[in-house]
Amino acid sequence: MAEGIVIHITVGNERRTEYFSEGEISVGTSDQCDIKISLKNPPLEGVWFRLESTEGSYRIAEFDKSIDLKLNGHPLRRFIAISDGDSLKLVDSDVAFTFFSLANESSLITTNRSQSSAIPFIEDAAIEAASTPERDDAKMFLREFLRELFSEISWRTKAISGVLVIGFLVGLLYLGFSVSNELRRSRETSQSQSETIKTLEEKLDAATEQLTLINESSEQFKKMVSLAPSLRVDYGDGICLIYGVYEVVERRTNRVLRSTDSAAGPTDPYEQPPMEDGVPSASYDGEFSPDGRGIPLEFDFLGTGFHVGDGYIVTNRHVVEPWRGDRLVESAMRRGGRPRLKRLVVYFPNNPQPYQLSVRLSGTEDVAVATVQKSLIPPDLPVLPLEMDPEAYAIGRTVVSMGYPSGPDRLLAMLDDREASTLNARCAGGRQCIIENLARSQRISPLLTQGSVTDLDSRRIVHDAKTSEGGSGAPLFGQTGRVIGVNFGILSDTTAVNLAIPIKFALELLEKAGWRAPEPSPAAQSRSTTLP
């Protein structure tokens, strides 16, 4: 195949194309250049640039950096390869060079003849065509032949042929017009159908979205309705009934204080002393003494607690320290008495055995942390999950309370009348006896109520899940199925306003006591990811 390069030179209105096969090609204003450019005011005398063939392609071997030459609009650099169609321009002049390489083979077109002989043949043909005057003999013959042929045809044949041609053209136009109309109608019909389909799809999407929202609302409603029963099944056995007995003893001798009213025999230790500004009068003296013959200052108390793992129990401070706020006991304490726990145990549902409870910590808020011996409790005792996120509950959210309001009275009410009367008579109304019998028959179970958050701040959660005395220390569950608070009180004028302490205060005490949060159970994980 031919090797070399074709250079198309443009100087003003003059254009010229040259073919070179030499290994080196110089361009400039010098007589020794292969391409000499003659200008009235050349930018530089001598060689402008030189091309050199290396490895089958031409490259810029050298150029004069004092003139402004740009290749394809970019500054010229040495050893840059020249490709087909590249344009080299002298800036601020009308001189330009366009290069076409003959060394590159086509990957799509091949010939079986020698390429080296094609170029001379083309050159010879071009020279011959340029030197031969134009000849129209063939055109003249064809024109005369058609004229003679047309003159020999009769006018009738011409008319029939014209009618046929016109009819053909008219039919062709009619056919084209019909096809065009049909295509237009088809396009309109297709567009109308597309718009109808689009409208139906939009309606279907809207209906699907509404059904999805309805389904989600239905699922949320079902989960809210089933929240309380699910919590009862999962965590009811981890909520304990706290029963305790404490007595008031003389601080100096540790002897139990008794009423000093010997005339009347045993008296009610809760008989109110003389009051001044809401507190026992300073003159209220000598009412109790270790040597008194009245009844001893001994009291039992009830409450609720819940297991949070490793034997740790969360409840209220006033449950495990019930003498706080008791005016009678405080009056005795001011006169040398002090409270002493005589018994403090917990009963878990479906477990007849009471467990000794040890108080670990109590805080400034009405929260306390106690423990039972971990080795004694059942290994499958539920662990109530605690809500670590304070943003997980808000006004209007559903809450569930689970505890032992009204103590054994509520548990007795769940028995039939004969059994309740028999048990009450056997125990002579004693609460400890009743609770022990209910535990042995596995009749201890927490009461479950559901409501919603009605108000809250950083220290209080107000809700309307009903509770009463004995429900203090009960866990308050949120919609996530985790404990969000600890019930501690109710407003006396209404049972629909109940108070709970946010669980964060219990978490602080638990961490101080050495508690570590256990891994959440599968039930807690599932509920927290599905409830809103």
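No lab work stands behind these numbers, since they all come straight from the coordinates. Just so we're clear, the structure is a prediction, and the values are computed from it rather than from any experiment. When we count neighbours, we look across all protein chains shown, and the Cβ atoms used for this are built from the backbone with ideal geometry, even at glycine.
Figures for the structure shown
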quantity	calculated
All lysines inside 30 Å of K139 as judged from Cα atoms, apart from same-chain residues fewer than 8 positions distant	K158
Local electrostatic count at E387 - Lys and Arg +1, Asp and Glu -1, tallied over other residues with Cβ under 11 Å	0
Gained length - T260 relative to Q353, 0.36 nm times residue gap less alpha-carbon distance	29.7 nm
Efficiency of FRET from Cβ geometry, T212 and R335, R₀ 45 Å, rounded to 0.05	0.05
Listed pairs K374/K504; K40/K89; K342/K504; K466/K504 exceeding 20 Å between Cα atoms	K374/K504; K342/K504; K466/K504
Cβ-Cβ FRET estimate between T17 and L142, R0 fixed at 35 Å, reported to 0.05	0.50
Förster radius 41 Å - calculated FRET efficiency between A392 and E182 (Cβ-Cβ, nearest 0.05)	0.05
Cα→Cβ-extended label distance, 7 Å offset, between S93 and I35, nm	1.2 nm
In nm, spacing of pseudo-spin labels at I197 and K65 (7 Å Cα→C-beta vector)	6.7 nm
